[in-house]
């Protein structure tokens with residue numbers, strides 16, 4: 001290993017005009033939306049950089065699903081000694097749609113102003129794509145020899161579209177991405193009232209599931225209404241569902257998360273958070289449940305999101321349908337949730353059916369190697385900041401890896417304001433300082449997990 005070269009590269013703080021900024025700009029300015037964009041173009045742009053850094057062509061692949069030319073994925077392997085099983089670095093290339101007329105800047109141009117980078121994907125997820133790419137470029141240029149292979153997977157359709165890249169890679173090229181565990185998005189650093197408060201590590205996520213509720217009826221003329229009305233029966237069921245709370249349930253991840261939240265200085269509800277983590281007292285859980293964020297951590301949730309009904313203004317409805325979106329706690333069976341919906345609706349006329357495939361996955365274990373590294377690096381870079389094990393109430397591609405037997409951890413060291421989330425929204429942005437800090441944190445984390453020197457860590 002060329003230790004001096006690796007030390008120099010890992011010590012280098014990314015600055016404006018350097019390669020990190022260049023690849024970040026290049027990626028933001030490649031449209032990777034489902035409707036008009038191409039993740040293949042972004043994957044090829046990264047491949048070109050890795051090849052220029054000296055990686056062998058056989059270890060840099062742009063993989064495109066048959067008949068889907070715009071849905072390319074990149075998989076690259078930086079070969080190590082093989083002393084340990086590989087580490088997978090995952091990020092997604094696609095972004096959600098962005099209407100230029102809604103933004104104050106062009107969403108597909110990287111604009112730097114007022115201490116922020118603006119552009120679609122600046123936070124979700126092209127910052128992580130750029131950082132992973134830069135780490136690979138640096139290590140390849142230095143001819144570094146880690147003690148395990150490092151695998152880079154940059155994928156399509158995490159946000160939308162039918163051709164999810166991770167699921168496709170698992171189904172068709174699992175050998176290329178099999179690893180001891182993976183690092184991904186899913187948690188980051190939290191800023192509250194201008195102060196850094198916590199650095200998150202996502203260990204699990206709720207299972208995303210949709211169920212269709214449907215009532216059918218012969219219908220008839222609206223001038224002769226009956227009590228057996230499809231809309232009325234569906235509405236009555238939805239009212240029952242809206243009033244129902246699934247039981248609260250804590251697991252190792254959510255207990256650790258509540259305990260860590262309770263340690264944040266000045267944290268509202270700190271006493272209840274600490275008590276809930278220790279004992280799970282029903283009265284305490286009931287108080288916390290009044291907060292929508294804590295409520296989503298404590299229980300499975302199901303909520304009506306769309307309703308369609310009727311076919312004419314002067315006719316009794318022949319059909320009424322609703323979509324119910326559920327976020328299911330890890331370890332709870334979707335089939336049992338479906339049974340609960342049927343029981344709560346309490347009307348045999350309301351038919352309940354799952355929509356599409358439901359991908360359930362178990363939590364990733366609290367891995368001492370990773371948690372120890374994150375704790376040490378967080379203390380070195382941001383003294384006094386709490387490391388926050390977490391369960392995401394949303395969904396990432398980590399669920400596919402976990403379901404395939406590859407533990408996945410969401411960790412980035414990229415801090416953002418919890419009261420001003422911009423991902424998926426208008427004027428998405430990331431602080432210039434926060435991008436640089438995230439790059440240094442992830443450089444040091446990967447180096448430590450791969451047996452490389454970790455200066456400053």
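The values are calculated or read from the model by the stated rules, or taken from the named source; none is laboratory data. Since the model is a prediction, treat every value here as computed from it, not as a measurement. So basically every Cβ, Gly included, is an ideal-geometry build from the backbone, and we count neighbours across all protein chains shown.
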Quiz item: Is at least one residue of segment 52-74 closer than 23 Å to residue 437 by Cβ and buried (at least 21 other Cβ atoms within 10 Å of the Cβ)?
Solution: no
Exercise. Would you tally the residues in segment 385-403 being over 23 Å from residue 435 (Cα atoms) and either modelled with pLDDT of 95 or more or buried (at least 21 other Cβ atoms within 10 Å of the Cβ) (or both)?
Key: 5
Quiz item: Can you tell me which residues in segment 247-268 are in a loop (DSSP other than H, G, I, E, B) and in contact with a strand residue (DSSP E or B) (Cβ under 7 Å, 6 or more places away or on another chain)?
Solution: 263, 264
Exercise. State which residue is farthest from residue 27 (Cα to Cα) when the search covers only segment 37-51 and only residues that are touching a strand residue (DSSP E or B) at 6+ places or on another chain (Cβ under 7 Å) and surrounded by fewer than 18 Cβ atoms within 10 Å (Cβ to Cβ).
Key: 51
Quiz prompt | Qualifying residue in segment 211-230 (condition: touching a residue at least 12 places away in the same chain (Cβ under 8 Å), over 30 Å from residue 336 (Cβ atoms), within 21 Å of the chain's Cα centre (by Cα) and part of a strand (DSSP E or B)) | solution = no
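Among the residues of segment 317-333, are any touching a residue at least 40 places away in the same chain (Cβ under 8 Å), under 30 Å from residue 278 (Cβ atoms) and surrounded by fewer than 19 Cβ atoms within 10 Å (Cβ to Cβ)?
Of the residues in segment 317-333, the ones touching a residue at least 40 places away in the same chain (Cβ under 8 Å) are 317-332.
Still in the running and under 30 Å from residue 278 (Cβ atoms): 326-332.
Still in the running and surrounded by fewer than 19 Cβ atoms within 10 Å (Cβ to Cβ): 331.
For segment 317-333, residues touching a residue at least 40 places away in the same chain (Cβ under 8 Å), under 30 Å from residue 278 (Cβ atoms) and surrounded by fewer than 19 Cβ atoms within 10 Å (Cβ to Cβ): present.
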Quiz item: Can you tell me which of 119, 67 is touching a residue at least 12 places away in the same chain (Cβ under 8 Å) and assigned by TED's automatic domain parsing to the domain that holds residue 407?
Solution: 119
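State yes or no: is residue 113 over 25 Å from the mean Cα position of the chain (by Cα) and free of Cβ contacts under 8 Å to residues at least 60 places away in the same chain? First the steps, then the outcome.
Values: over 25 Å from the mean Cα position of the chain (by Cα): yes; free of Cβ contacts under 8 Å to residues at least 60 places away in the same chain: yes.
Judged against the criteria, residue 113 is a match.
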Quiz item: For segment 328-349, does any single residue satisfy the condition of being touching a helix residue (DSSP H, G or I) at 6+ places or on another chain (Cβ under 9 Å), assigned to a strand (DSSP E or B) and at pLDDT 95 or above?
Solution: yes
Quiz item: Applying the selection to segment 415-451, what residues are under 24 Å from residue 182 (Cβ atoms), surrounded by 17 or more Cβ atoms within 10 Å (Cβ to Cβ) and at pLDDT below 95?
Solution: 423
Self-check item: Residues (within 28 Å of residue 255 (Cα to Cα), outside any helix (DSSP H, G or I) and touching a strand residue (DSSP E or B) at 6+ places or on another chain (Cβ under 8 Å)) located in segment 287-323
Solution: 300, 301, 302, 303
